[in-house]
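**Q** I'd like to ask some things about the structure below.
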Amino acid sequence: MSLLADAFTVFCVVAGIGFFAAGTAGLLRFPDTGSRLHALTKADHLGLGLIVLGLLPRAEALGGAFRLLAIWGLVLLASAATGPLLARIAQRRDPPA
Amino acid sequence: MSSLLGVAAFAVLLTLLLGLVRVLRGPQAADRIAAAQLLGTTGIAALLLWGAAVGSATHTDLALTLAVLAPFATIAMVRKEPGE
């Protein structure tokens, strides 16, 4: 059983890192701020979510698992709140043609 | 298994370094703050992986604190947008 949990952890963590790499690559390569924000939120939400998902079976007590989910929830809440704010500033600086 | 998580934490830190490039190069303030927010999340992920590798719960608490504090930089920047 623990082998399955370890395999699940490895798979999720590697997938999470893949999303982080994709998000960072998008952040570097995309032409304008709007698309960079688009790439960034993908890395934030999915990358961290997969890593948290992968670490859930390793969390020792129920409290540990709740803390991991709380972290992911906070990051989702934070970037949902700040994403539009940043987009509005980027919009004001160079309005789409 | 724990060394694998350590390697994963290191990989996440590498993406963090790449994100720094955008902080330096970003033409607009919004790019820099977006990259800073990504660095916060990357830091959280690295902390979680490192904590899992070492097997101590304090890293999770640290990551939770970072998750709470990270958005304030963005909010502070948005409210006092330079050149406004």
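**Q** Within the bounds of the range A:33-52, is there any residue that is outside any helix (DSSP H, G or I) and either under 21 Å from B:W50 (Cβ atoms) or under 14 Å from the mean Cα position of the chain (by Cα) (or both)?
**A** Taking the range A:33-52 as the starting set, the residues that turn out to be outside any helix (DSSP H, G or I) are none.
For the range A:33-52, residues outside any helix (DSSP H, G or I) and either under 21 Å from B:W50 (Cβ atoms) or under 14 Å from the mean Cα position of the chain (by Cα) (or both): absent.
**Q** List the pairs whose first member sits in the range B:15-30 and is farther than 19 Å from A:D44 by Cα, whose second member is open to solvent by less than 30 Å² (accessible area, probe 1.4 Å), and whose Cβ atoms are under 6 Å apart, counting only residues at least 6 apart or on separate chains?
**A** Going by the 6 Å Cβ cut-off, the qualifying pairs are B:Q28/A:T33.
**Q** Could you check B:K80 against (1) more than 9 Å from chain A (Cβ to nearest Cβ); (2) over 18 Å from A:A70 (Cβ atoms); (3) modelled with pLDDT of 85 or more and say which number it fails?
**A** (3)
**Q** Taking the condition among the aliphatic types (A, V, I, L, M), at the interface with chain B (Cβ under 8 Å from one of its Cβ atoms) and in contact (Cβ under 8 Å) with a residue 12 or more places away in the chain, does A:L53 pass?
**A** no
**Q** Something else about it: Looking at B:L17, B:L24 in this structure, which one is within 13 Å of the chain's Cα centre (by Cα), open to solvent by 70 Å² or more (accessible area, probe 1.4 Å) and more than 8 Å from chain A (Cβ to nearest Cβ)?
**A** That would be B:L17, the only listed residue that is within 13 Å of the chain's Cα centre (by Cα), open to solvent by 70 Å² or more (accessible area, probe 1.4 Å) and more than 8 Å from chain A (Cβ to nearest Cβ).
**Q** Of these, A:A5, A:A15, A:A43, A:A39, which one is farther than 19 Å from B:H59 by Cβ and at pLDDT 90 or above?
**A** Working: A:A5 fails: at pLDDT 90 or above; A:A43 fails: at pLDDT 90 or above; A:A39 fails: at pLDDT 90 or above.
Of A:A5, A:A15, A:A43, A:A39, the one residue that is farther than 19 Å from B:H59 by Cβ and at pLDDT 90 or above is A:A15.
**Q** All but one of (1) of a type in the set (K, R); (2) more than 7 Å from every other protein chain (Cβ to nearest Cβ); (3) open to solvent by less than 50 Å² (accessible area, probe 1.4 Å) hold for A:R29; state the number of the condition that does not hold.
**A** (3)
**Q** What residue, of B:A11, B:A29, B:A35, is of a type outside the set (D, E, K, R), facing chain A (nearest Cβ under 8 Å) and either closer than 30 Å to A:A7 by Cα or open to solvent by 60 Å² or more (accessible area, probe 1.4 Å) (or both)? Please lay out each step first, then the result.
**A** Numbers: B:A29 fails: either closer than 30 Å to A:A7 by Cα or open to solvent by 60 Å² or more (accessible area, probe 1.4 Å) (or both); B:A35 fails: either closer than 30 Å to A:A7 by Cα or open to solvent by 60 Å² or more (accessible area, probe 1.4 Å) (or both).
Exactly one residue qualifies, and that residue is B:A11.
The values are calculated or read from the model by the stated rules, or taken from the named source; none is laboratory data. From a predicted model like this one, the values you see are computed outputs, not experimental measurements. Cβ atoms come from the backbone with ideal geometry, glycine included; neighbour counts cover every protein chain shown. Just so you know, the surface numbers come from the protein's heavy atoms only, side chains and all, with ligands and any DNA or RNA stripped out. Shrake-Rupley method; radii C 1.70, N 1.55, O 1.52, S 1.80 Å.
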